[in-house]
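The values are calculated or read from the model by the stated rules, or taken from the named source; none is laboratory data. Nothing here was measured: the structure is a model prediction, and the numbers come from that model. Positions of Cβ are backbone-derived with ideal geometry, glycine not excepted, and every protein chain shown enters the neighbour counts. These area figures cover heavy atoms from the full protein model, side chains too; ligands, DNA and RNA do not enter into them. Shrake-Rupley method; radii C 1.70, N 1.55, O 1.52, S 1.80 Å.
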Amino acid sequence: ARAIARALGDADLNVWLGQWHLTPGEDLEESIKSAITRSDFAVVLLSPAAVQSQWVSSEVEIALDQELGRRGIDVVPAMLARCEVPEHLRQHEVVDLRGPDPTSQIERLIARLRNSGMVEFSMLTSNAFEQLVADILQDVGFRIETQPDRTVLAADFRAVLDRIDPFGVRE
């Protein structure tokens with residue numbers, strides 16, 4: 001996992017790996033859920049041990065919940081060692097990393113991840129587009145209010161940016 005994470009990072013992909021980002025005393029489950037929620041994709045490394053792991057199963061369930069619910073996190077199963085693909089991942093294309101040339105296999109994974117970030121705007125419903133806009137605004141520091149002032153017609157949410165002006169006054 002570390003070698004794959006390093007290769008993804010070297011390819012300028014933003015990688016979150018528990019061993020690198022978790023700190024002692026941190027709520028493990030909440031930190032993982034938060035990282036998955038903020039992600040555009042989740043790579044699930046499959047091996048016999050991973051398929052049997054309750055933690056991996058829990059992480060996959062969180063990612064699938066986010067994928068199906070909110071904004072389309074792309075779940076990418078990646079086969080490290082021969083094992084049964086869990087039923088809830090069978091509808092996803094599996095990237096096989098077991099080949100004789102690990103470097104080219106990881107390059108395939110990188111290409112898959114880069115292509116997964118493309119938004120097909122024509123395929124978005126109006127609600128999905130609104131959620132995408134809200135997510136982007138939140139990512140850059142806006143607070144989203146879902147109960148906007150009803151004097152503005154056709155507003156589904158209001159984005160508010162709290163900041164301090166040059167004189168130290170909140171605006």
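Overview of results
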{"read-out": "Residue in the stretch 110-123 that is modelled with pLDDT of 85 or more and either under 25 Å from Glu61 (Cα atoms) or not hydrophobic (A, V, I, L, M, F, W, C) (or both) present", "value": "yes"}
{"read-out": "Failed item in (1) modelled with pLDDT under 85; (2) over 17 Å from the mean Cα position of the chain (by Cα); (3) surrounded by 12 or more Cβ atoms within 10 Å (Cβ to Cβ), with Leu46 passing the rest", "value": "(1)"}
{"read-out": "Residue list for the stretch 104-113, filter: loosely packed, with under 13 Cβ neighbours inside 10 Å and touching a residue at least 12 places away in the same chain (Cβ under 8 Å)", "value": "none"}
{"read-out": "The stretch 2-32, residues that are more than 17 Å from the chain's Cα centre (by Cα) and on the phi > 0 side of the Ramachandran plot", "value": "Gly25"}
{"read-out": "Residue list for the stretch 1-51, restricted to those being in contact with a Cys (Cβ under 6 Å, 6 or more places away or on another chain) and hydrophobic (A, V, I, L, M, F, W, C)", "value": "Leu46, Val51"}
{"read-out": "Meets criteria (over 9 Å from the mean Cα position of the chain (by Cα) and modelled with pLDDT of 80 or more) for Leu64", "value": "no"}
{"read-out": "Filtered residue count, the stretch 69-92, keeping only those that are surrounded by 12 or more Cβ atoms within 10 Å (Cβ to Cβ) and either modelled with pLDDT of 80 or more or of a type in the set (Val, Ile, Thr) (or both)", "value": "11"}
{"read-out": "The listed residue being open to solvent by 30 Å² or more (accessible area, probe 1.4 Å), modelled with pLDDT of 80 or more and part of a strand (DSSP E or B), out of Ile144, Ile136", "value": "Ile144"}
